[in-house]
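The values are calculated or read from the model by the stated rules, or taken from the named source; none is laboratory data. Everything numeric in this text was worked out from a predicted model, so none of it was measured. For neighbour counting, all protein chains shown are included, and Cβ atoms are generated from backbone atoms with ideal geometry for every residue, glycine included.
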Amino acid sequence: MEPELRHRVDDSVATVVVSHPARRNAMTTRMWRELPVLLAALAADPGVRALVLTGEGATFCAGADITTLRDGAEEARRLSVRAEEALAAFPKPTLAAVRGHCVGGGAQLAAACDLRFAEEGALFGVTPAKLGVVYPASATRRLVSLVGPATAKYLLFSGELIDAGRALRTGLVDEVLPRGELAARVDAFARTLVSRSQLTQAAAKEFTAGLDGREAYWTRQALACGETAEGVAAFLERRAPRFGWSVPAPE
């Protein structure tokens with residue numbers, strides 16, 4: 001089976017699957033290059049309100065395909081950063097669904113998602129020290145923002161793997177599910193995300209990224225487009241809200 005990024009859209013949830021089972025879903029140079037293009041298309045699709053990133057079968061992603069590092073390490077590093085930044089900038093909620101190994105570039109992608117749900121038995125590692133590779137500054141800062149400097153140094157200095165329980169305690173993942181329950185929980189949570197206000201989510205994504213200069217803008221937007229009025233009316237009428245605001249397509 002050729003390595004590829006597969007995707008589907010079901011009920012406003014886009015699912016992107018890293019598929020390279022021969023190498024535990026390692027990312028090839030072509031896959032790194034294609035991910036930002038795919039994300040841009042999904043971001044522009046008004047029918048997509050949330051995105052789930054996962055791996056084929058029992059593994060999330062074992063990182064970069066080592067064969068791509070032998071002759072093109074710098075290109076692979078540059079493309080991985082571009083893909084990571086595209087995922088972090090995706091304008092709608094993103095969730096990584098992790099089974100098995102989430103290592104190196106796989107951890108880089110998972111950390112770029114808004115949320116991470118893992119199955120018991122999942123293993124996480126940031127392994128550039130095993131290869132003499134410089135981990136990107138952007139990925140390092142993102143890791144530190146999730147787990148703090150001490151745990152980030154532990155992972156980066158040692159290249160050791162940690163289990164899902166420790167990943168949960170350190171903030172690397174948000175939920176750990178028993179084996180066999182990850183898919184149902186991710187599906188249910190994604191449905192929750194798509195039922196909420198996209199405007200609230202878009203503003204929150206900006207604020208949590210440190211871009212807090214547009215609070216007045218977002219407040220005006222919520223009032224002008226009727227999102228706040230609908231939310232309050234739904235609460236008072238004890239019904240599900242019908243939010244209508246959508247993230248504008250990128251120019």
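Side notes on the structure shown:
- Among the residues of the range 105-119, those that are closer than 18 Å to R24 by Cα and at pLDDT 95 or above comprise G106, A107, Q108, L109, A110, A118, E119.
- The residues in the range 113-155 that are of a type in the set (A, V, I, L, M), more than 24 Å from L53 (Cα to Cα) and not in a helix (DSSP H, G or I) can be counted, and the count is 3.
- Taking the listed residues A97, A111, A89, the one that is aliphatic (A, V, I, L, M), over 8 Å from the mean Cα position of the chain (by Cα) and either closer than 11 Å to L172 by Cβ or surrounded by 20 or more Cβ atoms within 10 Å (Cβ to Cβ) (or both) is A97, with no other qualifying.
- Pair list, Cβ < 9 Å and 6+ apart or interchain, from the range 149-162 residues that are among the β-branched types (V, I, T) to residues that are modelled with pLDDT under 95: none
- Selected residue [of a type outside the set (S, T, N, Q), over 21 Å from G106 (Cβ atoms) and either assigned by TED's automatic domain parsing to the domain that holds L143 or at pLDDT 95 or above (or both)] from A188, A222: A188
- Taking the criterion of being buried (at least 23 other Cβ atoms within 10 Å of the Cβ), in contact (Cβ under 8 Å) with a residue 60 or more places away in the chain and small (G, A, S), the only residue of the range 12-48 that qualifies is A26.
- Here A184 fulfils each of the conditions (1) within 19 Å of the chain's Cα centre (by Cα); (2) in contact (Cβ under 8 Å) with a residue 40 or more places away in the chain apart from (2).
- Any chance T208 is among the polar types (S, T, N, Q), within 30 Å of P128 (Cβ to Cβ) and in contact with a Gly (Cβ under 8 Å, 6 or more places away or on another chain): no
- Options T94, T67: the member that is under 27 Å from D163 (Cα atoms), out of contact with any helix residue (DSSP H, G or I) (no Cβ under 8 Å at 6 or more places or on another chain) and in the same structural domain as G165 (by TED's automatic domain parsing): T67
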